[in-house]
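Down below is the structure, laid out as structure tokens.
The values are calculated or read from the model by the stated rules, or taken from the named source; none is laboratory data. A quick note: this is a predicted structure, and the numbers were derived from the prediction, not measured. For neighbour counting, all protein chains shown are included, and Cβ atoms are generated from backbone atoms with ideal geometry for every residue, glycine included. These accessible areas exclude ligands, DNA and RNA; they are computed on the full protein's heavy atoms, side chains included. Shrake-Rupley method; radii C 1.70, N 1.55, O 1.52, S 1.80 Å.
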Amino acid sequence: MELVAGSYEQVLFGFAVHPEPKASGDRQQKWTPVADFTHHAHTASLSAVATNSRFVVTGSKDETIHIYDMKKKIDHGALVHHNGSITCLKFHGNRHLISGAEDGLICVWDAKKWECLKSIKAHKGHVTFLSIHPSGKLALSVGTDKTLRTWNLVEGRSAFIKNIKQNAHIVEWSPRGEKYIVVILNKIDVYHLDTASVSGTITNEKRVSSVTFLSESVLAVAGDEEVVRFFDTDSLMCLCEFKAHENRVKDMFSFEIPEHHIIVTASNDGFIKMWKLKQDKDVPPSLLCEVNTNARLTCLGVWLDSVTDTKESLPPTAELSPVSKQEQPKSNKKESSNGVQEAGRQSKPNMKKCGLAGVSKKRTKGSGLVSPKKRKIGEVLERKKRKKKI
């Protein structure tokens with residue numbers, strides 16, 4: 001097991017965590033985090049991290065996605081398709097990676113060949129967050145255009161567009177995919193899949209920075225504060241709260257291993273902490289271990305070496321052809337407060353404003369993997385060009 005965290009200081013930290021043999025008389029097994037690696041591949045702060053059973057990928061405000069091979073402990077290269085800060089990264093199994101960015105694009109990547117299979121113009125503004133349904137057939141995204149969008153990943157197109165009154169910054173499916181939550185500032189709207197309507201709203205004390213489902217009905221919520229709270233998404237009541245850090249909690253990650261249900265937290269105070277959840281979620285978790293990175297942490301992931309991957313890929317019909325151009329959503333149903341409309345009736349987004357490749361003033365980026373060596377050569381050439389201009 002490896003805890004991985006990105007930082008404002010452009011560094012990815014990796015800590016291997018090992019359980020120590022339980023001594024006689026000890027009530028709880030001790031866990032020890034050991035510094036394993038630091039990876040400084042980005043030229044700006046890290047904004048997103050995702051893991052599968054082989055790789056850790058990081059997104060940054062430098063507009064690139066870097067791939068780190070956890071088996072070989074080497075830089076595997078960079079993906080340079082986006083023209084905007086990377087805002088979210090999600091793996092589905094070992095076969096596909098989905099990325100969202102401030103250029104409004106959602107990209108589907110082949111995580112074997114590292115080719116961009118599909119590039120969709122998803123939002124008129126930034127893509128702020130995305131979440132993949134456990135089935136792999138649907139995804140949800142929110143953006144700065146005040147919309148919640150449902151994506152059909154089998155056909156690679158928009159399915160529904162729902163207008164929301166404000167810009168949401170988090171969307172998340174529940175473990176079974178029967179409900180999802182949408183976060184706007186300190187409000188968490190709970191939706192049920194069968195009705196696609198809000199069944200209730202949870203109000204946190206401060207702006208929400210991270211959420212993670214602990215079960216189908218229990219949601220862990222962290223905000224711009226030191227406290228983590230557990231909420232029941234049915235009753236909307238707070239089950240318990242505990243002080244996790246000395247500064248605001250930036251990200252959380254929960255997972256299960258034999259005999260342990262664990263939640264990991266990362267904070268601006270530089271600490272990554274691992275907590276053991278109780279069976280009764282009314283009781284705060286107990287601290288298993290902690291480590292100080294001495295950095296301002298921004299994002300968090302957990303790499304599990306022994307993961308048995310049951311969701312190897314998106315559904316077979318979702319085998320997408322390599323990208324040739326950004327896809328515009330076709331005529332689809334649009335859900336709004338006025339009822340269901342045709343999304344195709346909307347005027348097409350102004351492509352120049354969206355900064356699409358080939359139209360933007362920025363250099364056009366490719367759709368595949370750039371090796372570390374080629375990237376370094378490119379950076380040197382860029383520096384030489386700048387010196388000549390001066």
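For the stretch 165-175, indicate whether the set of residues that are touching a residue at least 60 places away in the same chain (Cβ under 8 Å) and either open to solvent by 20 Å² or more (accessible area, probe 1.4 Å) or within 21 Å of ALA48 (Cα to Cα) (or both) is non-empty. It would help to see each step written out before you state the result.
Within the stretch 165-175, the first condition is being touching a residue at least 60 places away in the same chain (Cβ under 8 Å), and the residues that meet it are none.
Within the stretch 165-175, none of the residues are touching a residue at least 60 places away in the same chain (Cβ under 8 Å) and either open to solvent by 20 Å² or more (accessible area, probe 1.4 Å) or within 21 Å of ALA48 (Cα to Cα) (or both).
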- Query: If a residue has to be surrounded by 13 or more Cβ atoms within 10 Å (Cβ to Cβ) and farther than 23 Å from LEU297 by Cα to count, how many in the stretch 270-281 make the cut?
  - Reply: 2
- Message: Going residue by residue through the stretch 275-297, is there one that turns out to be within 21 Å of VAL171 (Cα to Cα), hydroxyl-bearing (Ser, Thr, Tyr), in contact (Cβ under 8 Å) with a residue 24 or more places away in the chain and in contact with a Phe, Trp or Tyr (Cβ under 8 Å, 6 or more places away or on another chain)?
- Response: no
- Of (1) over 17 Å from the mean Cα position of the chain (by Cα); (2) more than 24 Å from LEU297 (Cα to Cα); (3) open to solvent by 20 Å² or more (accessible area, probe 1.4 Å), TRP114 satisfies every one except (3)
- Please list, ordered by first then second residue, the pairs with beta carbon atoms under 7 Å, 6 or more apart or interchain, first in the stretch 122-139 and touching a residue at least 60 places away in the same chain (Cβ under 8 Å) and farther than 19 Å from SER60 by Cα, second in a loop (DSSP other than H, G, I, E, B) and acidic (Asp, Glu). LYS124/ASP145
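Only residues that are in a strand (DSSP E or B), of a type in the set (Val, Ile, Thr) and under 18 Å from THR87 (Cβ atoms): list them for the stretch 130-170, please. Quick ask: steps written out before the conclusion?
From the stretch 130-170, those in a strand (DSSP E or B) are 130-132, 138-143, 147-152, 157-163, 170; that's our starting set.
From what's left, of a type in the set (Val, Ile, Thr): 132, 142, 147, 150, 161, 170.
ILE132, VAL142, THR147, ILE170, listed by residue number.
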- Task: Among the residues of the stretch 285-297, write down those that are over 18 Å from SER209 (Cβ atoms), open to solvent by 60 Å² or more (accessible area, probe 1.4 Å) and touching a strand residue (DSSP E or B) at 6+ places or on another chain (Cβ under 8 Å).
- Result: LEU287, GLU290, ASN292
- Message: I'd like to check something: does the stretch 254-263 contain any residue that is under 19 Å from THR203 (Cα atoms), in contact with a Leu (Cβ under 6 Å, 6 or more places away or on another chain) and surrounded by 18 or more Cβ atoms within 10 Å (Cβ to Cβ)?
- Response: no
- Note on the structure: Among strands (runs of 3 or more DSSP E) entirely inside the stretch 1-83, those with 1 or more residues being within 23 Å of VAL264 (Cα to Cα) and either open to solvent by 20 Å² or more (accessible area, probe 1.4 Å) or at pLDDT 95 or above (or both) are 2-7, 12-19, 31-39, 46-51, 55-60, 65-69
- Query: Just a yes or no: is a residue in the stretch 284-294 over 21 Å from the mean Cα position of the chain (by Cα) and within 16 Å of VAL221 (Cα to Cα)?
  - Reply: yes
- Task: Just name the residue that is farthest from VAL142 (Cα to Cα) out of those in the stretch 84-100 that are of a type in the set (Ser, Thr, Tyr) and buried (at least 22 other Cβ atoms within 10 Å of the Cβ).
- Result: SER99
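Rundown of residues vs (1) crowded, with 16+ Cβ neighbours inside 10 Å; (2) farther than 23 Å from THR128 by Cβ; (3) small (Gly, Ala, Ser), yes/no style:
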position	(1), (2), (3)
GLY200	no, no, yes
ARG207	no, no, no
GLU225	yes, no, no
ARG229	yes, no, no
ASP251	yes, no, no
ASN268	yes, no, no
VAL283	no, yes, no
- Query: Hey, any hits in the stretch 212-220 for a residue that's without any contact (Cβ under 8 Å) to a residue 60 or more places away in the chain, surrounded by fewer than 21 Cβ atoms within 10 Å (Cβ to Cβ) and of a type in the set (Gly, Ala, Ser)?
  - Reply: yes
- Query: Quick one: is SER85 among the hydroxyl-bearing types (Ser, Thr, Tyr) and free of Cβ contacts under 8 Å to residues at least 60 places away in the same chain?
  - Reply: yes
- Message: Looking at the structure I just gave you, is VAL190 in contact with an Asp or Glu (Cβ under 8 Å, 6 or more places away or on another chain), over 28 Å from ASN94 (Cβ atoms) and in a strand (DSSP E or B)?
- Response: no
